[in-house]
């Protein structure tokens, strides 16, 4: 015959106290374990934050950078070199009319990606130190470093998009005009062509691009220089 619960409880009531203590002990140990885990997690988060700060060469407000002075200047110099390389890459599109024709969005400030790069470049240019030897704070260094990084990312995004879309934003008739402009450009700078051929080709390049692509002053001047150089040669 099975004993029901209440009969069992009435017969073995004295077990409540030791069992209750054991349960309380287990609960207390579990609570302590969770507190320790929370403390460890918090400590790890602080360590990650500090490690990131050290990796960036940045310390607390008003403190000197946690790196040697010579190494600090070397880092500034490397960032400035990256900045210069970005400017060079951008000018390759600005100065070369053939690239302007092949990748028109790279010279179009209305394109959102190109516009984002131009804004990022303006910010980096404004934060650039006078030289790698100029005295700047760790905060100024970090701000300039981050601005150059943002500029680099924005340029890569704009360039990848320009190479992807190329001239797909134009109609078929407009793409044919761009193709003719590219061919005429080759004649305009070809030293084996006659002076008359080069001059005519240069004039027709401008006509084909009119209303399609606006050449910047620097790209226009560079094109004239190349044509003039061909004529002189």
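Figures for the structure shown
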{"read-out": "Among 176-182, 210-216, the order from most to least packed when residues are scored by Cβ within 10 Å on average", "value": "176-182, 210-216"}
{"read-out": "Column: log10 I(q)/I(0), Debye, Cα scatterers of region 69-168, q = 0.20 Å⁻¹", "value": "-0.91"}
{"read-out": "Burial order of peptide ranges 161-168, 114-121 (average beta-carbon count within 10 Å, highest first)", "value": "114-121, 161-168"}
{"read-out": "Virtual spin-label span in nm between residue 88 and residue 164, 7 Å along Cα→Cβ", "value": "2.8"}
{"read-out": "Separation in nanometres of the label points that stand 7 Å from Cα toward Cβ, at residue 133 and residue 74", "value": "1.8"}
{"read-out": "Pairwise label distance in nanometres, residue 140 with residue 207, each label 7 Å out on the Cα-Cβ vector", "value": "5.5"}
{"read-out": "Ratio Rg/Rh [Cα only; Rh per Kirkwood] for region 170-233", "value": "0.99"}
{"read-out": "Packing rank of 105-111, 129-135, where each peptide gets the mean count of other beta carbons within 10 Å, highest leading", "value": "105-111, 129-135"}
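FYI, it's all coordinate maths here, none of it is from the lab. This structure is a prediction, so every number in the text was calculated from the model and none was measured. Methodologically, a virtual Cβ is constructed for each residue, glycine included, from the backbone with ideal geometry; neighbour enumeration extends over all protein chains shown.
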